[in-house]
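The values are calculated or read from the model by the stated rules, or taken from the named source; none is laboratory data. These figures come from a predicted structure and were not determined experimentally. Here the Cβ is made from the backbone with ideal geometry for all residues, glycine too, and neighbour counts use every protein chain on show. With ligands, DNA and RNA removed, areas are computed over all heavy atoms of the protein, side chains included. Shrake-Rupley method; radii C 1.70, N 1.55, O 1.52, S 1.80 Å.
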Amino acid sequence: MKLSAELEERLDQIQRAAAGFGHREFTAQHLLLALVQDTSAHMLLLACGADGDQLTQRLVDGLDRIPSAGHTAPRHDAECQRALAHAMMNIAANAGRDEATGADVLVAMLSGPRTQAVQWLNDAGLTWTRAVAALDAAVQMAVAAVRAAGAGEAASEVPALTASPQVLEQEAQRLRAALKEDREAALSDCTVAVSRWGAHLTEVGAESALEVTSEALALSLELEQRGDEDAARIVAGCAINRGTCLLQLRRYPEALADAQQAAARFRSLAEGGDVDGYRGLATALSLLSSAHREAGAVGAARNAAMASTRAARRYLDLEPGGQAAWVLAACLANEGTAHTEAHDPDGAIATLSEATALFERMPRDGAGIALSKWVQGLSKLANACGAAGRRAEALTHARRAGELAAGLPDDTPGMVHIRNGALNDLAMRLLEAGENAEAVVVAHQVLERARALADRHPHLRLDEAQATSNLGLLLEQTGDVGAALTHCEKAVALVEQATAGLDADTRRVGAMVVGNLAQMLGRSGRYAESLEVHERVLHMARALATQDAQVHAPFQLQHLINTAVAYMRANRHEAALPLMEEAHPLATRLAHENARAHGPLLAETLGTLSSALGHLGSHVEALKHARGATAMLSELAADHSKAILRSLA
């Protein structure tokens, strides 16, 4: 564990100056003078609105009054040693970094005893509460960037900036106890500490996250009622934390309410002249956009994303620098995703092009976060270009994403998924361009790396299964059906090893791999085997829907249709009809909730039901449902037409 190179240099400069003035000890005042010249500490002072010039002048005046002790090497006093040691111990417990920055040392000083140095920091406008809130805002933006780029699974890879999980929990518990002793004195610090702990629990998906983030929000509202000057900012931050947790739990209306609450407070701060309010507003509106998108409100999601980008641009205008550029890049990536889902490839291309250009200029970090954002942005840009028919540009962006993805670390599942996703996208673009041999080579590379990782980390075996299945699908499109079936069968065997005891989302991926084999068997004319595998996948889909119907109902519906089609191919129309009668009300409900997302499934359901009824002689009913499918087709966007017409054929 060590101090950052810049902080070491600043300390050495002040150490030499202290020796030149004949100071016997290197005190906390000397340390503060070094810190105000350190980039990370200086940025923290700015983020908190602290008066760095006033603090510097006060420190210089104070050091001028220290009498000279002649030529001597100053020794660090106890307060200085404690601050440096505390900062390094905090960061040592965090696997994300191996060095402490000036900002870490400032926070360590503020969390210690109320010494004269701490009083000077407070007088300049830097308190522990404000420092922690500013650092947490940076974490929220980093997580927002990951989410906006479509990598929710990587959000937990963002390194903590000041403290380990153990320290966060201990601080929350300590201040909870202090709150019982003196509620008025401890309320502000306790609110921030509980909020930080709740944010960490949300990032790692802990079951207690909602309880803790709700506690923090309640404390912040109490703080606001007492008239605390920082309360609006703290309430907004707590609302974002809980809203993010609710979004993960798929409780979309509540997540929307928290995002709207946060946006209203940050907007008020921004309109009141608080530059940092625009950063918070951009974050809150990004969360609002994500919640709308997950709830199926595509138009509202795009509007919120565009508003988020406007807030981020305003923040960059008022506070030029790397942090504001990062905020803008994250918002642009989120807006690009919103344009894509609204079937606006031109809008997606414009915003994602700007986002990737910003991510390209970001300094690289040891955890690979900045590089991963660039990779994801390029992959999404490639998909948007493909949707707009600009295939040459799509392949160019996909190639660049694949090249960069090779530099991502292999030490976290999130980064592995990002890298494999970029390479899989490249393989599909190559296939689209007729570069079949290169596409197969890329898919083999993904499989080899997935297999090597799974050998080291057995919990990643499902990634190997997915890579094996993807290679099988690719080989089928190149005409090598025998090898394709072999790979899909191997993938299913791997799924059987990997999915036992895993969470629902992971088991759903396993079911999709098994479904790939079922579909491929059907396309190969092996209908009896295909039907057997389809029945198995339907059983898996029903089990998932029983656990969470809201989330997995569309997956269950698709496999009701697929299994019914498999029965009809086997000339068992009487067995297909009950499945379609089960599917019909489910498809109707889903389409009513979100016509854009689930309308195609309803049309496919009606077409398949019409086919089953027609083969069984119920021609009047068959015609009614065929007309219903045609009516639904007329209401849907053109990009759904081919899929629906196939279901009617």
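Laid out as a table, the results:
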quantity: Longest segment of the chain lacking GluC sites (Glu not before Pro) that sit in a DSSP loop with at most 13 other Cβ atoms within 10 Å; calculated: 230-649
quantity: Whole-percent carbon and sulfur share, accessible surface of region 177-320, 1.4 Å; calculated: 47
quantity: Positive dipole terminus of the chain, leading residue within V107, A282, L84 (C-beta point charges); calculated: A282
quantity: Using alpha-carbon coordinates, inclination of helix 165-181 to the longest axis of the chain, degrees; calculated: 60
quantity: Between region 40-68 and region 285-314, the alpha-carbon center distance in angstrom; calculated: 40
quantity: Within the chain: Cβ-based charge dipole about Cα centre, in debye rounded to nearest 20 (Lys, Arg +1; Asp, Glu -1); calculated: 1100
quantity: Rounded tilt (10° steps) of 504-523 against the dominant C-alpha axis of the chain; calculated: 30
quantity: Whether region 246-319 is rounded, prolate or oblate, judged on the alpha carbon gyration tensor where a/c under 1.5 counts as rounded; calculated: prolate
quantity: Cβ-derived FRET efficiency at R0 41 Å, T506 paired with H615, nearest 0.05; calculated: 0.60
quantity: Theoretical gain in end-to-end length, D455 to R589 [0.36 nm per residue, Cα-Cα removed]; calculated: 43.9 nm
quantity: Cα centroid separation - region 478-552 against region 591-621, whole Å; calculated: 24
quantity: Charge context of A218, other residues only, Cβ under 12 angstrom, K/R +1, D/E -1; calculated: -3
quantity: Among S268, L246, A236 the positive-end extreme of the charge dipole of region 224-290 (Cβ point charges); calculated: L246
quantity: Rounded, prolate or oblate (a/c below 1.5 giving rounded, otherwise prolate when a/b exceeds b/c) for region 187-314 by Cα gyration tensor; calculated: oblate
quantity: Neighbourhood net charge (13 Å Cβ-Cβ; Lys/Arg +1, Asp/Glu -1) for V513; calculated: +1
quantity: Nitroxide proxy distance, nm - points 7 Å out along Cα→Cβ at V441 and E254; calculated: 5.2
quantity: Between 0 and 90°, nearest 10: helix 369-387 axis offset from the chain longest Cα axis; calculated: 30
quantity: Expected 222 nm ellipticity per residue - DSSP helices of 4 or more, -39500 (n - 2.57), all of the chain, to 500; calculated: -26000 deg cm²/dmol
quantity: Nearest-0.05 FRET efficiency for Q57 and D548, computed from C-beta distance (R0 56 Å); calculated: 0.40
quantity: Mean Cα-pair separation over length for the chain, i.e. relative contact order, pairs under 8 Å, 6 or more apart, %; calculated: 6
